[in-house]
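Since the structure comes first, as structure tokens, the remarks are kept for the end.
What follows draws every value from the coordinates through simple rules; no lab data is involved. These numbers were taken from a predicted model, which means no experiment stands behind them. Methodologically, a virtual Cβ is constructed for each residue, glycine included, from the backbone with ideal geometry; neighbour enumeration extends over all protein chains shown.
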Amino acid sequence: MVAITEQEFRKLSEHIKSHYGIHLKDEKKTMIAGRLHNVLLEQNFDNFTDYYNYLITDSSGTAARTLMNKITTNHTFFMRESDHFTYLSEQVLPYLKGTVKDRDLRIWSAGCSSGEEPYTIAMLLDEFFGGEKSSWDTKVLATDISDRVLGEAKQGIYSNEGIKKLPDSWKGKYFQRYDSENSQVALKIRDEVIFRKLNLMDKTFPFKRKFHIIFCRNVMIYFDSETKWKLANRFYDMTEYGGYLFIGHSESLDRKETKYRYLMPAVYRKL
């Protein structure tokens, strides 16, 4: 494996933090070298200095896309942190159903990874609204920085083992057989999720209207305190009054600094 020096790791990690917000601690040096090893071989680079120079001078975007696909960890599964979905169904949606006057319910799954989270939300919305759903706009925006996981998410194909934790009624209603080991999300649910590539570190978000619900779970664990604080403030500005922010259970916002109101573990509200 091509070794990475302290100086090379520092330059690469600083580039990653400044462009993508991901804070790589020193103990991640071996992991990064391992994940990028094949990239260096394919590009015939003998060292990480040559790779870094290629990365910062490539104007096609190919190097940046490959880097993100290699270094991001996209571990997720259906019904992850299921109490969030229970709270969404029993508390959040009943409130919003009675207060969103134009029936345009705007939901954003930020850092959607391979799609399990936004599809779960879409299925929950379908079940909650039932026959009234056709009179509501309940499409879910799902964004991620990785082209690879977005491609997987759009297909909506998951192993039968991966959907095991979903209610049996959902598996029968919202999935169809793909092959002997996999199932595919039904078209009516796939059509309810809009997948887009987005870097949360972009200076501006390309949204004209604010959101009633933002899910950004297990994303900010990769950011340092300052980056997390800035992103939380940007989420706040993109949240409608009365709207909600869901983050991961391993994450938290400083209650003295955030403008959101704490409701329960990993759930906040703009009031």
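Counting only Cβ charges, +1 for Lys and Arg and -1 for Asp and Glu, the dipole size of the chain around its Cα centre is about 860 debye.
Region 181-218 and region 118-149 have their alpha-carbon centroids 8 Å apart. The magnitude of the dipole of region 112-164, with charges of +1 and -1 set on the Cβ of Lys/Arg and Asp/Glu and taken from the Cα centre, is near 80 debye. Shown for CYS216, CYS112: other C-beta atoms within 10 Å of each C-beta, ranked fewest to most, produce the order CYS216, CYS112. By DSSP, the beta bridges lying fully in the chain are antiparallel in about 40 percent of cases.
Taking 24 Å as the limit for the C-alpha separation, the pairs LYS171/LYS197; LYS101/LYS270; LYS97/LYS188; LYS203/LYS259; LYS230/LYS270; LYS228/LYS270 exceed it in the case of LYS171/LYS197. Between THR30, THR258, THR239, the residue with the greatest mean-square fluctuation in the GNM of the chain (Cα pairs under 10 Å linked by springs) is THR30. When PHE9, PHE246 are sorted by how many other C-beta atoms sit within 10 angstrom of their C-beta, beginning with the fewest, the order is PHE9, PHE246. Taking GLN184, GLN91, GLN155 as the candidate residues, the one with maximal mean-square fluctuation in a Gaussian network model of the chain, Cα springs under 10 Å, is GLN91. A dipole drawn for the chain from +1 and -1 charges on Cβ atoms has a positive end, and of GLN155, GLY130, TRP108 the residue lying farthest that way is GLY130. Computed from backbone phi with θ = phi - 60° and the Karplus coefficients 6.51, -1.76 and 1.60, the 3J(HN,Hα) list for region 243-254 is x, 10, 10, 10, 10, x, 5, 8, 10, 7, 10, 5 Hz; x is used for glycine and proline. Among SER250, SER180, the order by Cβ neighbours within 10 angstrom, fewest to most, reads SER180, SER250.
Normalised size of region 164-228, defined as Cα radius of gyration per 2.2 N^0.38 Å with N residues, equals 1.59. The HN-Hα couplings worked out from phi for region 91-103 by the Karplus form 6.51 cos²θ - 1.76 cosθ + 1.60 (θ = phi - 60°) are 10, 6, 5, x, 5, 5, 4, x, 10, 7, 6, 8, 6 Hz, whole numbers, x standing for Gly and Pro.
Each 10 Å bin from 0 upward holds the following percent of the Cα-Cα pairs of the chain: 6, 27, 32, 22, 10, 2, 0.
Dividing the summed -39500 (n - 2.57) terms of all DSSP H runs of n ≥ 4 by the residue count of the chain sets its mean residue ellipticity at 222 nm at -11500 deg cm²/dmol. Only Cα sites of region 6-71 enter the Debye sum here, all with the same form factor; the resulting log10 I(q)/I(0) across q = 0.12, 0.15 1/Å is -0.26, -0.41, listed in q order.
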